[in-house]
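> Below you will find the structure I want to go over with you.
What follows is calculated from the coordinates using simple rules that are stated; it is not laboratory data. For clarity, every value in this text was computed on a predicted model and none was experimentally measured. Cβ: placed from backbone, ideal geometry, glycine included. Neighbour counts: every protein chain shown.
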Amino acid sequence: MSHNYKFYGTISQSFYEPILPDFQRSPLYPIFLSWFPVYVVLFLQHAFILFSGFCIQKLSLYLNLSKRWLHYLGVLFCLTPYSINLSSLIMSESLFTLFLTLIGLNLILFYHQPKWQYLVLISGFVILAAYTRASILPFIIWLTIFIAWASHSLIKSMVFVLIIGLGLLPWIYRNYTYTEQWFFTSMSEISILYGRIGGTSLAFSKNFHHDAHLKVEADHYLNKFYALENLKSYYNDYPNEETEKIKAPLTWVYLQQHFHQPFHAFFFHVRTTVQQFAGLSYRMTLYLYQNSLIAIGAAIFQAFSIVTIYLIFVYLGLSANNKKLWYFWLTSIVLWLLIHNAAWADGRYRYINDLWAIIGIILLESCKSQNK
C-alpha cells in the first residue's frame, strides 16, 4: 500500500495495474511508511513505544501517585516482548499505541480538570488513531459517555462527537466518491459492504468507463471483477451462516456465538488467552531472533507482565475509593476485548488492552492521591 501511495498517489493493495483504491484499511500507516526508508520506520516505531512509556512515567510523577512503584509501569510496558517485537515489524501497532497513550493521558487530565484544551487534544488523537486503525471507531461511544460523565456536560460530549465527525469526513467522502457508499473503512463494517469485495467491485464498476487509466487490456482482472460480482449476487440470493459472517460486523458475529454456541465461545476465549499470554510472543521472538531460549524467555516474561498489570488493576479496584470509576474503566477494557477478539486469536490485536489497563491504574491511583 505504501508503494502504491508513493508511486501512484493511491491507497491501494493492488499488485498490478489498474491500481484501484483500497477501502479495507485506514490510510495513515501506509502514508507513514511511504515517507521513510525501512530502517528509519523501525527506529521511529521503537521511539514511539519509548515515548509512550516516558509519557506514562511523567504523568505518574505529575499526579504524585502515592505508590512510588507505579511510576515504573511505563518502563514495564516498554520492556514487554510485544512492545519490542511489534516495533521491530512493519505493523501499525507502534503508531496506534502512541496515539492511544496520548488519548488516555489527556483523558486522565480531563477527568481531573475538564478543560476544553484537553477535550480538543483527545479529539485530535482519536482522529489520528482512527486514520491509523479503524478499530477505535466503536470505542468512540465509550469515550463520549466518559467525557459527559467526567465533565458533567452534554455540550462537551457533543462537541467531541462533532470534532470527530469533521475529522473523519475527508476519508469518508473519499470513499463515497468511489463507491457511492458512506463509510470510513469496509473493514470496520460501518457500511455493510461484504468486506473488500464490495468496495473493490463498486469502485471498479463506477469508474471503469470514466477513467482512462482503467481502460486497459486486463482480461484477467476483468474476469476477477465479474467473479466478484457473481459472488456478491450469491451472497444476496443464498444467505447462510458463512455469508452472514461476511455481511455482518465481525464483533456482532463474535457476540452471537456466546448465545448460540456457548461451549465454542468458552474454548475460543481459552485459545485467545493462551495466544495473548505467550503464544504470539514466542513465535514473533523466534522469528526475529532465531533462538528458542530467547523465545521461551520472552513468552514467560510476556505472561508475567500481563498477570502483573491486571492483578494491579484488580487490586486497585478492590481498594478504590471510587468504585464507579473502576467499574466504568473495566467496561472499557472488556469493550476493547470484544472489538479485538473479532480479529480471532492474534494476540497483537489485543496488545493495546495492557496499555489501557495501565492508564486505568494511573487514573484510579491518582483519584486516591487527590481524594477524588
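> Residue-wise, which Karplus ³J(HN,Hα) couplings in Hz belong to the range 85-102, taking 6.51 cos²θ - 1.76 cosθ + 1.60, θ = phi - 60°, and x for glycine or proline?
The phi angles translate into 5, 5, 6, 8, 10, 7, 9, 7, 4, 4, 5, 5, 4, 4, 5, 5, 4, 5 Hz.
> Continuing with this model, one more query. Between Ile31 and Val161, what length in nm is gained on full extension when 0.36 nm per residue of separation is reduced by their alpha carbon distance?
Taking 0.36 nm per residue and subtracting the Cα distance, the gain is 44.2 nm.
> I've got another one for you. Tell me the label-point distance for the pair Lys115, Arg174, using the 7 Å Cα-to-Cβ offset, in nm and rounded to one decimal.
Roughly 3.3 nm, to one decimal.
> In what order do Leu355, Leu143 fall by count of nearby beta-carbon atoms within 10 Å, going from fewest to most?
By the 10 Å Cβ count, ascending: Leu143, Leu355.
> In whole angstrom, and with the biggest value first, how far do the Cα coordinates of the range 50-100 range along each principal axis?
For the range 50-100, the Cα spread along each principal axis is 38, 20, 11 Å.
> Any of Lys156/Lys323; Lys67/Lys323; Lys323/Lys368; Lys58/Lys115; Lys67/Lys115 with alpha carbons more than 22 Å apart? Name them for me.
In this structure, Lys156/Lys323; Lys67/Lys115 exceed 22 Å between Cα atoms.
> Order by neighbour count: Val41, Val120, fewest other Cβ atoms within 10 Å first, most last. Working shown, then result.
On the way: Val41 18, Val120 14.
Ascending Cβ contact count within 10 Å gives the list Val120, Val41.
> So for each of 29-39, 128-138 I average, over its residues, the number of other beta carbons within 10 Å; can you give me the resulting order with the highest mean first?
Result, highest mean first: 128-138, 29-39.
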